[in-house]
1. Going through ALA72, ALA76, ALA45, ALA3 one at a time, which residue ends up being farther than 26 Å from ALA174 by Cβ, open to solvent by less than 60 Å² (accessible area, probe 1.4 Å) and either out of contact with any strand residue (DSSP E or B) (no Cβ under 6 Å at 6 or more places or on another chain) or in contact (Cβ under 8 Å) with a residue 12 or more places away in the chain (or both)?
2. List every residue pair whose Cβ atoms sit under 7 Å apart, with the two residues 6 or more apart in sequence or on different chains, where the first one lies in region 151-163 and is over 18 Å from GLY106 (Cβ atoms) and the second, anywhere, is surrounded by 14 or more Cβ atoms within 10 Å (Cβ to Cβ) and modelled with pLDDT of 70 or more.
3. Among the residues of region 104-157, what is the count of those that are open to solvent by less than 50 Å² (accessible area, probe 1.4 Å), β-branched (Val, Ile, Thr) and in a helix (DSSP H, G or I)?
4. Restricting attention to helices (runs of 4 or more DSSP H) lying wholly within region 37-103, give those where 3 or more residues are of a type in the set (Gly, Ala, Ser) and under 12 Å from the mean Cα position of the chain (by Cα).
5. Name the one entry in ALA72, ALA30 that is over 18 Å from ARG120 (Cα atoms) and touching a Ser or Thr at 6+ places or on another chain (Cβ under 9 Å).
6. In the set ALA9, ALA50, which member is open to solvent by 30 Å² or more (accessible area, probe 1.4 Å) and either under 21 Å from TRP134 (Cβ atoms) or in contact with a helix residue (DSSP H, G or I) (Cβ under 9 Å, 6 or more places away or on another chain) (or both)?
Amino acid sequence: LPASPEKSAVAAETLARCGPPPYVALTWRAGTRDWNALLKAVPVAELGRALAGLRATFISLQRAPAEGETAALAAALGAPVHDLGRFNQTLEDMLALLHRIDIYAGVSNTNTHLRAGTGRIAYVLIPHPPEWRWMNRGARSPWFPDFPLYRQTYGDQRASGWEAALAALRRDVAVALNAGLPS
């Protein structure tokens, strides 16, 4: 999907005001908070700790973050987080921003699908139980074969189940950042 030149220019200017590239954009929740509704989420502080120390300008693309979530992410990262969630107001704005982001990681949401439209990959965090499009197991989805998947494990009630998935995400993001390759 092509981004309009005007919206792409706005996205580029906005990112430049946040800091230098590479730009790593994150989301930690999708779905609704209503009872018995689809909710996909990863603990925001765990996500931040997993990516702490990586050299990047961090961007939140979280739609309607709860009070304190962006600050919690920044504290866990040990780095500023620039909230660009307002780009979610229109698909065209978000598409232009996702064209400009170097790395996008988060739970499956509208932005994941828009990112696919840009021809660039997204690193997708898959909560347990998984949504149908991400299948029950495997490192790839037939619908998004280029997207690496990081699955929450199930079983240990004392832990969140995200430890191995977030360690793998950190490794892959670090490799992409160090390679200087667009993701």
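The values are calculated or read from the model by the stated rules, or taken from the named source; none is laboratory data. These numbers come from a predicted model, not from an experiment. We place every Cβ from the backbone using ideal geometry, glycine too, and count neighbours over all the protein chains shown. Note: areas computed on protein heavy atoms with side chains; ligands, DNA, RNA excluded. Shrake-Rupley method; radii C 1.70, N 1.55, O 1.52, S 1.80 Å.
1. Every option except ALA3 fails the conditions.
2. Correct list of pairs: THR153/GLY161; TYR154/GLY161.
3. Going through region 104-157 one residue at a time, the tally reaches 2.
4. On the way: elements: 44-51, 69-77, 91-100.
Correct list: empty, since no element meets the threshold.
5. Numbers: ALA72 fails: touching a Ser or Thr at 6+ places or on another chain (Cβ under 9 Å).
Residue meeting the stated conditions: ALA30.
6. Working: ALA50 fails: open to solvent by 30 Å² or more (accessible area, probe 1.4 Å).
None of the others qualify; the one that does is ALA9.
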